[in-house]
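Following: one structure in structure tokens, then a few remarks.
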Amino acid sequence: QETAIDDLQSTVESIPTAPDLSGELGDLRNTLTDLAEQVSTLESRLAELEDRPAPEAGGSDVSASQIEELSAALSEQRETLDAQRAEIDALKGEAEAEEAAARDSARATLQRAALTRVMTALDTGDDFSPALSDLRETGADVPAALADAAETGVPTQEALIESFPEAARAALATVRDADGGAASSVGGFFKSQLGIRSLEPREGDDPDAVLSRAEAALRDGRLGGALAEIETLPEGARTALSDWAADAERRSAALSAANALAGTMN
């Protein structure tokens, strides 16, 4: 995971910056300004000629020819001006698109780096609020299950595995006391007094079998499966397991939220 974080940091540092098209845009803007001035001059000259009185009979038609010549020149300049404007718009669009792509790439890389730190903290049980803050700064929508657990961290998988046997024995003791199993047989007496329980998963709907499958699921990394098994226990057994189950649910909710968030970044 540390290697993954280092790789992501290297990726962030190697992201190329968007190309600088300011020089090209500046030259085109200067050309556009010159063309606009030329068009304005031609329009003024054309307006002057159009305002002159018509020539008398027998006089020269210089004014009409000048107007025709200026009109043609004005049309040509306007076409050039429109072409220059279109070129500027295309360059601006290209620059904006490349800048947006570079920005999105950098943001995605930073998001993955921050999420990797969050996932690492979920494995170690550490506080991950700084990583979550970095994740928020990239614009990511942080799920409540992660935000609620950020400062305290969540129980690790190893901690849940280690604490399960004691919680399971307490749950079985509650059930056996409730149904009088301790006095029904010598075997029941020893099971109750010594907290004997099944250590290998087995079939059946009795609490011992259910807890054996829950523990097997937990050791396999199927936390959701373990919690689902516990939900089928009698109420007394669930109450005895409530603290352990609350820790497991916190971890399960945070992992599910982190995985869902990772899915939105792919």
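Every read-out reported here was derived from the displayed coordinates using simple, explicitly stated rules and does not represent laboratory data. Here the structure is a predicted model, which means the values were calculated and not measured. Glycine also receives a Cβ, built like all others from the backbone with ideal geometry; neighbour counts cover every protein chain displayed.
Tabulated results
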{"read-out": "Rounded, prolate or oblate (a/c below 1.5 giving rounded, otherwise prolate when a/b exceeds b/c) for segment 75-171 by Cα gyration tensor", "value": "prolate"}
{"read-out": "Under-5 Å amide H pairs with Thr156, H placed in peptide plane, nonlocal only", "value": "none"}
{"read-out": "Extension gain, Ser71 back to Ala170 (0.36 nm per residue minus Cα-Cα distance, nm)", "value": "25.7 nm"}
{"read-out": "Karplus (6.51, -1.76, 1.60) ³J(HN,Hα), θ = phi - 60°, over segment 204-218, in Hz, Gly and Pro reported as x", "value": "x, 10, 6, x, 5, 5, 4, 5, 5, 6, 4, 5, 4, 4, 4"}
{"read-out": "Three-way shape call for segment 209-248 based on the alpha-carbon gyration tensor, with the a/c threshold at 1.5", "value": "oblate"}
{"read-out": "Under the Karplus curve 6.51 cos²θ - 1.76 cosθ + 1.60, θ = phi - 60°, whole-Hz ³J(HN,Hα) for segment 152-168, x wherever Gly or Pro sits", "value": "8, x, 10, x, 6, 4, 5, 5, 5, 5, 5, 8, 5, x, 5, 5, 5"}
{"read-out": "Local electrostatic count, Arg219, Cβ distance below 12 Å [Lys/Arg +1, Asp/Glu -1]", "value": "-3"}
